[in-house]
1. Probe of 1.4 angstrom, ligands and nucleic acids ignored: what's the accessible area per residue over the stretch 7-54, in square angstrom?
2. Roughly to the nearest percent, how much of the accessible area of the stretch 1-138 is carbon and sulfur, given a 1.4 Å probe?
3. What full-extension length gain, to one decimal in nm, is calculated for THR338 and ASP310 as 0.36 nm per residue of separation minus the Cα-Cα distance?
4. What is the sum of charges around VAL3, taking Lys and Arg as +1, Asp and Glu as -1, for the other residues whose C-beta is under 11 Å from the C-beta of VAL3?
5. Would you kindly calculate the translational diffusion coefficient of the stretch 382-515, applying Stokes-Einstein with the Kirkwood radius from alpha carbon pairs, for 4 °C and a viscosity of 1.567 mPa s, and quote it in µm² s⁻¹ without decimals?
6. Where does the charge balance sit around LEU49 when Lys and Arg score +1, Asp and Glu -1, over other residues with C-beta under 12 Å from its C-beta?
7. Per-residue counts of other Cβ atoms within 10 Å, averaged by peptide: what ranking do you get for 424-435, 369-380, 348-359, 313-324, highest first?
8. Tell me whether the stretch 142-231 comes out rounded, prolate or oblate; compute the Cα gyration tensor, take square roots of the eigenvalues as a ≥ b ≥ c, and use a/c under 1.5 as the rounded threshold.
Amino acid sequence: MSVDIRPVGDRALLVELPDLDRVLALHDELSAHPGPGQLEVLAAATTVLVRADTPASARALAEHVRGLDLEHAADRDDTLVDIEVCYDGEDLDAVAELTSMSRDCVIAAHSGQVWTAAFGGFAPGFTYCVGENHLLDVARRSSPRTAVPAGAVGLAGHFSAAYPRTTPGGWQLIGHTAAPLWDPSRPSPALVAPGNRVRYVAVREAATVADPEPVRVDAAPDAAGLVVVATGVQSLITDLGRPGHADLGVAESGAMDRGSARLANAVVGNPADAPMIENLVGGLAVRALGHRSVAVTGARVPLRVDPPEDSDRRAWTPGRNAPILLDDGDTLSLGAPTAGLRSYLGVKGGITAPRVLGSASSDVMSGLGPEPLRAGDLLAVGAPAWNATGSPGVEVTALPEGHVLARLRLGPRDDWFDADALASLTSQRWVVSNESNRIGLRLEGEPLRRRHEGELASEATVAGAVQVPTGGLPVVFMRDHPVTGGYPVIGVVEPADLDVLAQLPPGSTIRFSLM
């Protein structure tokens, strides 16, 4: 099969295909029969992203894909799912005008055909559905909404979908549904899975959908572990994430600085994926219930241990990246960083926290996992799994001192930019914006000019992708990034450099070096 295969960093590839039928055929073939070293596969409008475990596996997967026969229709689960819709959307009149129809005709066109669920993406449970005709093909809004309510039903291009939770979005909203679009407790969390057929059923009224209840990590009152005394700006439960669920719209998430997270667990003798606390810019304080062995890694923060008020022991200053032995009632406090941004607090035995799709990580984009910690939370600690402590083979993340040189591999959409834009990408110092977070680092500088105008069909992406929106200012996708995006990705940061970028405070600068 002749296909266009574009590298996405050195461990993923983007396969461009001529039509949606072949997209779905390739997706289903690789899902049923994974190639060598394949981690996950995600379909989009005209592309399939394949992630591999190593650069060698990515190269082998590219050859494997080239040898596949995709001429035959894929065998998919075509279960019919009915979704009741109250057609009261804010953009219903605008869609009527764009399609030269009346409101009633738009409703009839939407509910009078069977849609096919093509692929997931953007957010957990958000499934792109393709209609039987092109009567309702409309462009996205020129200005996306900062918050589209849960249950909203919208149109964009030749797709229709419903929003499982409140998220930003630029689709044209024509109604809302009360259908339970996403429920992690179900065997299949998404109500609509790729391959399903969807029938939108018009109803006069539909209940307002509330966002899912946050997952609390607070333990039972008699649990022994740690009490959260203060959280600072943000403190989250994290681990190494939940890979392999991009098809459901779920990013890998997990610790922003993977190296520091692994080190915290290694120091206290935990498995690498034991849950811990990720703290942003200090201010975290925890009190030990019983004797606890903990470690703090990541940002360079001053540490202090205060014994209970009725103790005759004195406060003391422990070191980072080494075991800290807390007696019952001791309080460990993290000050403001003098270098770096995020600290990791590991405790021997690991924090006991609810797991969603196999991970206890808090994902700020999708809302999956435990909600941010609050003062007074009681954190249970598991039984130690290992006896050894230390940090064999785990490297300490090099903390940035205001500037980072990040290695970048061009693609998959560098051809959307001319030579001047590519030169500008690597020649200037980009400033990390105050609006940066776990979803992405927003960069400020001289905007990059595109060679191609217009919209890019939504396609899958990866952590480290440098996406360039219409305004020309790049965004480096971080751990909680959306799994699909509609702006061109000019390049992908090397995985080893993402840990350093995770430690960059606003106002720091980045230069990109091409590999």
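The values are calculated or read from the model by the stated rules, or taken from the named source; none is laboratory data. Since the model is a prediction, treat every value here as computed from it, not as a measurement. So basically every Cβ, Gly included, is an ideal-geometry build from the backbone, and we count neighbours across all protein chains shown. Quick note on the areas: whole protein, heavy atoms, side chains included, nothing else; ligands and nucleic acids left out. Shrake-Rupley method; radii C 1.70, N 1.55, O 1.52, S 1.80 Å.
1. 35 Å²
2. Carbon and sulfur together cover 49 percent of it.
3. Value of the extension gain: 6.9 nm.
4. Once positives and negatives cancel, what remains is +1.
5. 82 µm²/s
6. -1
7. Top to bottom by mean Cβ count within 10 Å: 348-359, 369-380, 424-435, 313-324.
8. Taking the square roots of the gyration eigenvalues as a ≥ b ≥ c, the stretch 142-231 is prolate.
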